[in-house]
Structure formats: structure tokens, C-alpha cells
Amino acid sequence: MPDGDGVFLVPEMSPDARVRVFRRSLSALEEFEGFEVDAYAIITDRYVVVLDTMLFPDDVAVMMQSLQEELRGRQVLCVNSHADWDHVYGNSYFTGMHAAPIIAHEHCRARLQSAEARNELADFQKRYPIFASVALVPPAITFIQGLTIHGGNLTIQLLPAPGHRLDHVAAWVPELSLLLAFDAVEMPIPSIENAAGAPYMFATLESLIALQPHVVLCSHGKTTNPQLMQDNLSYLREIEQRCHAVIQTQRPEAADLAHPSKLINYPFDEVIAGVTAPVDRTFYEQVHEDNIRAITEWLMG
């Protein structure tokens, strides 16, 4: 497998020749050392469907170049799983001479048109010149309840999957029993947006488990194992149980929530005790603290 900075195909992650898995590594910036994100292309009889556009328009160009043979006689569609920067900053590839419809949840469009998104990109471009080519391009086709792409031989069902973000969606391919979970499922642990997102994350994981997929692909974590969905849910249920126990005896104050893992006695080392794959401790330890804080605030209502 290639090391370093760039986009490359990851054939060992694909359950079927019609599903292509692409990985973006970013080692050029010290702050993002070890960063990786996956995106996908699904080739159906009628369409080449690109799912997420990673960090730069050139990332998508690499993907599309590898799909030249499959593009003949097929229309290109693009799907954004949600509006986080590492999933949509390549959207502008699908404008101009490469114009193609971008599909996403209605909330994704709102996020990409927000002042917050503009300010975040301006900050990235100020600190990191490599983001100079990025422009915010919102989806042209949006939905709220769900949307189905009928590709002929394959069907791609776009399902609302909030929790990580309100605009987050998953993609279900029933013919392959394949779930593209994006950031709803993550190795070693998922990330909840805030207290309002906590009940959504529980519901999303339960609904994805109910699909009983044979293969689950997520944007971070290098895994295809469906068991990860149950592991993520069990982890969040453990937080919920420990938070309940604390709240029954005291009402946590802001100072208590500065280090919530201590409040509920659930250290990160216990969370990853059975994990054998390498873990970015700096990042995921903070995710763990944020998850506990979100669930505690949700339970306190």
C-alpha cells in the first residue's frame, strides 16, 4: 500500500469489482500526520456514482482518471455524505467541463452555504496554501427523508444517518448487502456532534445494524467488519449507563465536564483495551471526552 501524501486505490477494501475504494493520505502537513479519509465510486449500468470528494479537486481528478474505461456510456453523479471539510472540499471538480450533479441532504447544502463554512475554508487557506484550489460548491439536488439512485443492476439508497452531523447520510446497496457508513461508524469510536446529536447517533446505529449488512465501509479506520457497528453502539451505551449512574447521585457542573471521562470513571485506555489496530490517541481521546460530554448534557436535558 502506498505511503505518504496523495490519493490511491485500495482494492483489498472492495467487496465487488463495481465498488472502488479510494484513500486520501495527508502527510505534507505536520498537523495532519497520519490523517486518512476514504471515498468511493460505484459503477452501475447507468451511472458512475462518486461518493465524497475528499480534500481537493485534484483528488477527484485522480479518482476519475482511474475510472476512464467505466465512464463510457455512463453519467456521472456525485454524493456528499455530509459537509465536513474532508468529505466535500473536492466538490468543485464537478463544475465547468466536468460538471455533474451533486446530491446530498438538504442540511448539507445549508452548511456549505453558511458563514461558518466560508470562515473555516478561509482559515484553512490562510494557514495552508495547499488548500488554495478549494471552493465551496453546495449540492444541486437535495433531499430530507431519503433518495434512491436506480442504476439498473445496482441500487443506491441514500439514508439519513444523523448523529455525527445533522446532515449526515449513509448509502445502502441492497444487491451487495453493502453499507457505506461514512462517519456514522468509525474505528475505534464514533464522534457525536453535540448533546442534540446524541439520541440521533443511537438511533442511527440501531437502524444501520438492522440492515444486517455483510460489508461495512467507513470513511476512517480501514475496516470492512460489520461488527464495528455493534462495537460503536455498545461503547456509547456504556457511556450512557455510566452517565446515568453519576446523574442519579449528583448534577455535574461545568467544571466536572471539563474532564468527563474522570467524572464517569471511563478512561480512554479502557475504551481501546481490545483494539489491536493503531489508534491516533491525541484525536480519539478528545473524541471520547466530547462524546461523554454530549451524552451527559443530553441526559441532563
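Here are the numbers for this structure:
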item: Number of positions in segment 15-35 that are at pLDDT 95 or above and under 20 Å from the mean Cα position of the chain (by Cα); result: 6
item: Test for ALA99: is it within 14 Å of PRO139 (Cα to Cα) and surrounded by fewer than 19 Cβ atoms within 10 Å (Cβ to Cβ); result: yes
item: Output for segment 271-301, where each listed residue is basic (Lys, Arg) and buried (at least 18 other Cβ atoms within 10 Å of the Cβ); result: ARG293
item: Those residues of segment 20-42 which are under 15 Å from ARG74 (Cβ atoms) and touching a residue at least 60 places away in the same chain (Cβ under 8 Å), in sequence order; result: ILE42
item: Filter result for ILE209 (β-branched (Val, Ile, Thr) and either surrounded by fewer than 19 Cβ atoms within 10 Å (Cβ to Cβ) or not in a loop (DSSP other than H, G, I, E, B) (or both)); result: yes
item: Test result for GLU69, surrounded by fewer than 21 Cβ atoms within 10 Å (Cβ to Cβ) and farther than 14 Å from VAL137 by Cα; result: yes
item: Members of segment 48-66 that are surrounded by 23 or more Cβ atoms within 10 Å (Cβ to Cβ) and in contact (Cβ under 8 Å) with a residue 60 or more places away in the chain; result: VAL49, LEU51, ASP52, LEU55
item: Residue in segment 104-115 that is of a type outside the set (Lys, Arg) and within 24 Å of GLY152 (Cβ to Cβ) present; result: yes
item: Residue count for segment 1-24, restricted to those that are surrounded by fewer than 20 Cβ atoms within 10 Å (Cβ to Cβ), under 17 Å from ILE130 (Cα atoms) and in contact with a helix residue (DSSP H, G or I) (Cβ under 8 Å, 6 or more places away or on another chain); result: 1
item: Test: VAL19 is closer than 20 Å to GLU175 by Cβ and not aromatic (Phe, Trp, Tyr); result: yes
item: Residue check for ASP38: assigned to a helix (DSSP H, G or I) and within 27 Å of ARG127 (Cβ to Cβ); result: no
item: Selection from segment 43-67 of residues that are closer than 20 Å to GLY221 by Cβ and in a strand (DSSP E or B); result: LEU51
item: Those residues of segment 1-13 which are within 18 Å of VAL60 (Cα to Cα) and either modelled with pLDDT of 95 or more or part of a strand (DSSP E or B) (or both), in sequence order; result: GLY6, VAL7, PHE8, LEU9, VAL10, PRO11
item: Only listed residue being surrounded by 14 or more Cβ atoms within 10 Å (Cβ to Cβ) and closer than 24 Å to PHE22 by Cβ, chosen from LEU217, LEU236; result: LEU217
item: Sole exception among (1) at pLDDT 95 or above; (2) assigned to a loop (DSSP other than H, G, I, E, B); (3) of a type outside the set (A, V, I, L, M, F, W, C) for LYS222, by number; result: (1)
item: Test: residue in segment 25-39 that is surrounded by 21 or more Cβ atoms within 10 Å (Cβ to Cβ) and of a type in the set (Ser, Thr, Tyr); result: no
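Residue-wise test of (1) crowded, with 17+ Cβ neighbours inside 10 Å; (2) at pLDDT 95 or above; (3) over 13 Å from ALA83 (Cα atoms); (4) touching a Leu at 6+ places or on another chain (Cβ under 9 Å).
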| position | (1), (2), (3), (4) |
| --- | --- |
| ASP123 | no, yes, yes, no |
| PRO129 | no, no, yes, no |
| ALA132 | no, yes, yes, no |
| PRO139 | yes, yes, no, yes |
| THR142 | yes, yes, no, no |
| GLY146 | no, yes, yes, yes |
| ILE149 | yes, yes, yes, yes |
| ASN153 | no, yes, yes, no |
| ILE156 | yes, yes, yes, yes |
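The values are calculated or read from the model by the stated rules, or taken from the named source; none is laboratory data. All values reported here derive from a predicted model rather than from experimental measurement. Every residue, glycine as well, gets a Cβ built from its backbone with ideal geometry; the counts of neighbours run over all protein chains shown.
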